[in-house]
Amino acid sequence: MTVATPENPEVELAIGGMTCASCANRIEKKLNRMEGVTASVNYATEKARVSFPEDVAVDDLIATVEA
């Protein structure tokens, strides 16, 4: 488990519109491909817990999910 620190903050994103577990897997895979990002997406709760380095903005994470 990754622990949130000032250098490696953590955020929980609400993700709507997922229609199946494959959607959650696809989003998780795309987030985890980002440099230094560790993500876990839960289809049932429609949330993603994301740990990311300080050089990555939350807007970047959201843009990746929207893409």
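The values are calculated or read from the model by the stated rules, or taken from the named source; none is laboratory data. Worth saying up front: this structure is predicted, and the values here are computed from it rather than measured. Because the Cβ atoms are built from the backbone with ideal geometry, glycine has one as well, and the counts that use them run over all protein chains shown. Keep in mind that these areas ignore ligands, DNA and RNA; they rest on the heavy atoms of the full protein, side chains included. Shrake-Rupley method; radii C 1.70, N 1.55, O 1.52, S 1.80 Å.
Odds and ends about this structure:
- Built amide H within the under 5 Å cut-off of K47, gap 5+: I15, N42
- R49, R26, ranked by accessible area, largest first (probe 1.4 Å): R26, R49
- Against the chain, whose longest principal axis comes from its Cα atoms, helix 21-32 is set at around 20 degrees.
- Nearest-20 debye value, segment 10-66 charge dipole, Cβ charges on Lys, Arg, Asp, Glu: 380 debye
- One compactness figure for the chain is 1.03, namely its Cα radius of gyration divided by 2.2 N^0.38 Å.
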